[in-house]
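Just below is one structure, and these are the notes that go with it.
Every read-out reported here was derived from the displayed coordinates using simple, explicitly stated rules and does not represent laboratory data. Because the structure is a prediction, the values reported are computed rather than measured. Note that each Cβ is placed from the backbone with ideal geometry, even for glycine, and that neighbours are counted across all protein chains shown.
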Amino acid sequence: MSTPRMTVPSYNALLAQARWRKSSYSGGANDCVEIAELGEHVAVRDSKDVELGPLVFSPGAVRELVGGIVSGRV
């Protein structure tokens with residue numbers, strides 16, 4: 001019996017063309033997170049160490065996180 005293979009989407013091409021944005025609240029000292037929209041996903045990275053690579057989330061997960069921060073739940 002074979003195990004089905006799971007395919008993980010490759011974001012390399014999308015990330016190479018990504019337009020990274022910082023918050024307007026950023027102090028400009030390169031000490032914030034940046035986001036990039038990747039079609040059906042959102043990438044988030046640390047502006048201090050972009051070589052670590054981004055984390056990729058669904059837009060719904062990002063909305064929940066931001067909503068939790070704004071409301072004080074997170």
Residue check: is R45 closer than 17 Å to L14 by Cβ, free of Cβ contacts under 8 Å to residues at least 60 places away in the same chain and within 14 Å of the chain's Cα centre (by Cα)?
yes
Inside region 13-63, the number of residues satisfying the requirement of being surrounded by 14 or more Cβ atoms within 10 Å (Cβ to Cβ), part of a loop (DSSP other than H, G, I, E, B) and among the hydrophobic types (A, V, I, L, M, F, W, C) is 3
